[in-house]
1. Quick one: which residue in Asp76, Asp87, Asp72 is free of Cβ contacts under 8 Å to residues at least 12 places away in the same chain, under 26 Å from Leu141 (Cα atoms) and touching a helix residue (DSSP H, G or I) at 6+ places or on another chain (Cβ under 9 Å)?
2. Is one or more of the residues making up region 97-104 in contact with a Pro (Cβ under 8 Å, 6 or more places away or on another chain) and in a helix (DSSP H, G or I)?
3. Can you pull out the residues in region 20-63 that are among the basic types (Lys, Arg) and modelled with pLDDT under 95?
4. Keeping to region 6-34, report how many residues are within 18 Å of Cys91 (Cβ to Cβ) and out of contact with any Cys (no Cβ under 7 Å at 6 or more places or on another chain).
5. Could you grab me the full set of residues in region 11-30 that are loosely packed, with under 14 Cβ neighbours inside 10 Å and among the β-branched types (Val, Ile, Thr)?
6. Can you name the condition, by its number, that Asp92 falls short on among (1) surrounded by fewer than 17 Cβ atoms within 10 Å (Cβ to Cβ); (2) touching a residue at least 40 places away in the same chain (Cβ under 8 Å); (3) touching a strand residue (DSSP E or B) at 6+ places or on another chain (Cβ under 8 Å)?
7. Give the residue that is nearest to Met67 (Cα to Cα), with candidates limited to residues of region 105-131 that are surrounded by 15 or more Cβ atoms within 10 Å (Cβ to Cβ) and more than 17 Å from the chain's Cα centre (by Cα).
8. So, in region 68-86, how many residues would count as being assigned to a loop (DSSP other than H, G, I, E, B) and exposed (fewer than 15 other Cβ atoms within 10 Å of the Cβ)?
Amino acid sequence: METYHTLTQDASNVTHLHRGDVLSICGLTFSVLNAYDDTVLQNVGDEKDYQNNASLLLKVSSVNSSMLFCSDIKYDMNDSLLAACKDQLACDYVQTGHHGNWSFSEEFYDATGASVYFIDAPSSITDNADFPASTLKSDLLAKGKTVLSDGWKEIERRYRATLKDKPEAEDGKNADVTLPELSEGQGFPNPAAK
């Protein structure tokens, strides 16, 4: 992390967000509740997992609703973030930390007051007792919360299913064309580029 920040600190095309920053973009307010800084360095445990614990914790708010994006933050930051920003956690939706595994406490998630939680992991993790995400999912469901845990591809599929104008295959002309069988070592002539 230190090397990345050193290499990019003077780059004109990179903006480092900091704890406490607030940005307004397209009618949305982005509040930065966690970012790589001394607070992370002081709270990271014996694993020294800076890459995950220095993830951005963003609260994105519109006029009508808000969502907390917990990124890959793990349990090391739980107490520090509760102490520093518990009153800012209230939201409608939560993307759970670290795919629902080894992330935040029940107290942290309760402080959000959210009714919908998104665990960005497949059911092979969220429904597998070997992973903490399965316990988190069960606990949230027992509290009457909605839990979406089908991974990003399933969320994208659901989103696309709601579109009025369904995306077409490229130009729509090749929708029924299938790819030919391919074999190892097979060569291809130079195709014409579109």
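The values are calculated or read from the model by the stated rules, or taken from the named source; none is laboratory data. For clarity, every value in this text was computed on a predicted model and none was experimentally measured. No Cβ is skipped: glycine too gets one built from the backbone with ideal geometry, and neighbour counts run over all protein chains shown. These accessible areas exclude ligands, DNA and RNA; they are computed on the full protein's heavy atoms, side chains included. Shrake-Rupley method; radii C 1.70, N 1.55, O 1.52, S 1.80 Å.
1. Numbers: Asp76 fails: free of Cβ contacts under 8 Å to residues at least 12 places away in the same chain; Asp72 fails: free of Cβ contacts under 8 Å to residues at least 12 places away in the same chain.
Testing whether each residue is free of Cβ contacts under 8 Å to residues at least 12 places away in the same chain, under 26 Å from Leu141 (Cα atoms) and touching a helix residue (DSSP H, G or I) at 6+ places or on another chain (Cβ under 9 Å) leaves just Asp87.
2. yes
3. Lys48
4. Restricting attention to region 6-34, the residues satisfying the condition of being within 18 Å of Cys91 (Cβ to Cβ) are 19-25, 27-34.
Then drop every residue that is not out of contact with any Cys (no Cβ under 7 Å at 6 or more places or on another chain), which leaves 19-25, 27-32, 34.
Total meeting the criteria: 14.
5. Val14, Thr15, Val22, Ile25
6. The one condition Asp92 does not meet is (2).
7. The selected residue is Ala111.
8. Restricting attention to region 68-86, the residues satisfying the condition of being assigned to a loop (DSSP other than H, G, I, E, B) are 70-74.
Then drop every residue that is not exposed (fewer than 15 other Cβ atoms within 10 Å of the Cβ), which leaves none.
Result for region 68-86: 0.
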